[in-house]
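Here the structure comes first, spelled out in structure tokens, and everything after it is commentary.
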């Protein structure tokens with residue numbers, strides 16, 4: 001869907017969607033791919049514990065534990081309400097300087113609504129994006145949206161800084177729910193304009209074709 005070339009080093013990727021669409025699963029697959037290349041990933045999680053993420057990802061064929069053991073993957077777990085926005089930023093900068101990752105994941109950034117206004121959150125997201133870009137660190141952010149096709153306005157406000165924006169959505173057909181994946185934008189690279197099926201299976205994530213009726217065709221490995 002990205003021309004077979006993946007993301008540019010130091011780019012920023014946003015994955016948005018409603019509850020249950022697979023945002024954390026996609027972020028975990030991104031972290032796993034980083035570690036399989038022998039690179040380091042720093043994963044900031046604001047809702048689930050590291051043990052929960054490891055357990056849940058094993059159920060879809062993504063085993064992150066070996067990468068944690070090797071030191072390639074490091075989790076930083078904290079509730080946004082524990083600190084103010086400024087302290088969160090300082091903590092992120094310090095850990096990034098210590099761990100020196102090639103990839104950073106923030107999952108999800110919309111949890112910061114609990115501690116700041118839209119203006120403050122927009123400023124904080126802008127600062128972290130600028131910091132990561134300046135250090136050539138590839139960043140993946142997840143964002144919760146309350147309704148399909150209604151992106152959070154704070155995210156829209158910083159969308160010009162995002163290089164690739166992936167939307168995950170729930171699709172219904174004949175009483176069955178399917179997950180879909182759509183690339184809203186991908187700066188500097190050719191990309192698909194189709195909505196593809198996005199399946200979480202025992203053998204990992206699979207992306208396939210999706211016909212107009214919303215039914216999944218035979219999926220292919222992502």
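The values are calculated or read from the model by the stated rules, or taken from the named source; none is laboratory data. Since we're looking at a predicted model, the values are computed, not measured. Neighbour counts are summed over all protein chains in view; Cβ atoms, including those assigned to glycine, are modelled from backbone coordinates with ideal geometry.
One table, with the values for the structure above:
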{"quantity": "Single condition residue 136 does not satisfy, out of (1) buried (at least 18 other Cβ atoms within 10 Å of the Cβ); (2) farther than 18 Å from residue 113 by Cβ; (3) at pLDDT 90 or above", "calculated": "(1)"}
{"quantity": "Qualifying residues in the stretch 36-51 (those that are modelled with pLDDT of 95 or more and under 22 Å from residue 198 (Cβ atoms)) - the one surrounded by the fewest Cβ atoms within 10 Å (Cβ to Cβ)", "calculated": "36"}
{"quantity": "Hits in the stretch 96-119 (condition: under 19 Å from the mean Cα position of the chain (by Cα) and more than 23 Å from residue 25 (Cβ to Cβ))", "calculated": "96"}
{"quantity": "Segments classed as strands (runs of 3 or more DSSP E), wholly inside the stretch 1-100, with at least 2 members that are farther than 29 Å from residue 185 by Cβ", "calculated": "73-77"}
{"quantity": "Among (1) buried (at least 16 other Cβ atoms within 10 Å of the Cβ); (2) in contact (Cβ under 8 Å) with a residue 40 or more places away in the chain; (3) more than 23 Å from residue 164 (Cα to Cα) - the single one residue 59 does not satisfy", "calculated": "(1)"}
{"quantity": "Index of the failed condition, residue 76 passing every other in (1) within 22 Å of residue 10 (Cβ to Cβ); (2) without any contact (Cβ under 8 Å) to a residue 40 or more places away in the chain; (3) crowded, with 21+ Cβ neighbours inside 10 Å; (4) touching a strand residue (DSSP E or B) at 6+ places or on another chain (Cβ under 8 Å)", "calculated": "(3)"}
{"quantity": "Matching residues in the stretch 196-222 - criterion: being at pLDDT below 55 and surrounded by 14 or more Cβ atoms within 10 Å (Cβ to Cβ)", "calculated": "214, 215, 216, 219, 222"}
